[in-house]
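> Structure provided below as structure tokens; questions to follow.
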Amino acid sequence: MPTSVLRSPARGFTLIELVVVLVILALLTHLAVREMGKVQASHRRRQADRQLEEVRAAVWAREPGGAASGFLMDLGRLPRAVPATNEAGRVVQTLAELWQRPAGVAPFALRTAAATNLVVPASVQTALADETVVVPCGWRGPYLRLPFGRTRLLDAWGNPFETRDDAGFVRLFTSAGEPAAQEGDAIGRVRHLGADARPDDRITPSSEAARDGVVDFLPPGGRINPLAVTAQFVNGAGPVGIDGTVRCRWYMPCGGAITGDVATVTLTEGSFATFSFNGLPPGACTLVVDVGGRKRAQETVEVPPGGRTVQMKVWVP
């Protein structure tokens with residue numbers, strides 16, 4: 001008689017086991033989504049900070065061991081607020097001068113200090129007119145390039161960049177998209193509002209990604225103040241060993257033109273001559289010195305934004 005083999009019926013998952021598995025999967029999914037959200041927030045934060053650095057470099061940049069460059073050096077001023085219509089039909093103020101040549105501003109070129117290129121008072125125009133002096137000036141942008149199809153600069157979360165509206169600065173537009181700046185206002189600070197799109201001075205950021213990112217083109221609380229250049233004229237043996245009149249002229253970019261001023265001082269044997277110029281804009285200053293009616297020296301000094309005094313010595317052979 002054949003022996004029968006007894007087999008146990010197949011056993012499935014119980015309801016409790018299924019529930020436990022689903023809970024574990026839900027928990028793992030939640031943790032994965034949360035961590036992915038942190039990674040994305042961190043990535044967007046880094047992207048927004050990189051955008052701010054690009055804005056900084058577009059306005060005022062200095063390479064290690066190199067000369068300064070950017071909008072400020074080329075035009076002798078900070079970018080100004082430019083009106084534009086946003087997606088909601090509101091007029092907002094933008095940083096458009098960084099990617100669109102401003103109306104009435106000539107393109108970048110090496111321009112001579114001829115009378116037709118000077119923007120100075122009539123009283124000093126004749127003294128400053130000198131076609132042997134060349135000043136690089138004008139708009140050589142775009143200093144920033146927007147993504148294709150964009151007309152405004154947006155941060156990594158799709159929100160507009162802002163400037164603050166205190167300490168003498170202005171906000172380009174409010175968080176609600178309403179205009180808060182006036183057309184032509186100089187822009188001294190730019191910030192992104194972080195992941196929460198709320199200014200830190202109104203709400204405490206809940207995370208690092210929500211914290212505002214800020215770039216200042218001037219010292220904290222500073223403005224573009226009148227500057228002074230003090231020049232000391234020396235030769236290899238000490239003070240300039242001649243008598244006579246020393247004339248000092250400075251030239252700087254002014255939009256697509258050139259501005260400047262002139263001063264004179266009487267030099268006696270064994271003395272030092274010192275000039276002080278007030279009201280210099282930031283940018284590259286070309287200083288030309290005439291001693292005894294002859295041009296004897298020409299130097300260039302960078303006038304930083306927010307500075308008050310620039311010291312320099314002019315070598316007179």
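> What are the residues in segment 240-277 that are at pLDDT below 70 and assigned to a loop (DSSP other than H, G, I, E, B), if any?
Listed by number, the residues that qualify are 240, 241, 242, 243, 268, 269, 270, 271, 272, 273.
> Considering only segment 299-313, I want to know if a residue exists there that is of a type in the set (S, T, N, Q) and at pLDDT below 75.
Scanning segment 299-313, I find at least one residue that is of a type in the set (S, T, N, Q) and at pLDDT below 75, so the answer is yes.
> Now, a different point. Against the conditions (1) of a type outside the set (Val, Ile, Thr); (2) surrounded by 14 or more Cβ atoms within 10 Å (Cβ to Cβ); (3) not in a loop (DSSP other than H, G, I, E, B), where does residue 110 fall short? Just the number, please.
Condition (2) is where residue 110 drops out.
> Please enumerate the residues belonging to segment 76-125 that are farther than 21 Å from residue 282 by Cα, over 21 Å from the mean Cα position of the chain (by Cα) and in contact (Cβ under 8 Å) with a residue 60 or more places away in the chain.
Of everything in segment 76-125, those that are farther than 21 Å from residue 282 by Cα, over 21 Å from the mean Cα position of the chain (by Cα) and in contact (Cβ under 8 Å) with a residue 60 or more places away in the chain turn out to be 86, 88, 90, 91.
> Oh, and also: If we scan segment 83-97, do we find a residue that is out of contact with any strand residue (DSSP E or B) (no Cβ under 9 Å at 6 or more places or on another chain) and assigned to a helix (DSSP H, G or I)? Can you show your working first?
Going residue by residue through segment 83-97, those that are out of contact with any strand residue (DSSP E or B) (no Cβ under 9 Å at 6 or more places or on another chain) are 87-89.
Within this subset, residues satisfying the condition of being assigned to a helix (DSSP H, G or I) are none.
Taking every residue of segment 83-97 in turn, none turns out to be out of contact with any strand residue (DSSP E or B) (no Cβ under 9 Å at 6 or more places or on another chain) and assigned to a helix (DSSP H, G or I).
The values are calculated or read from the model by the stated rules, or taken from the named source; none is laboratory data. Not measured: the values here are computed from a predicted model. Cβ: placed from backbone, ideal geometry, glycine included. Neighbour counts: every protein chain shown.
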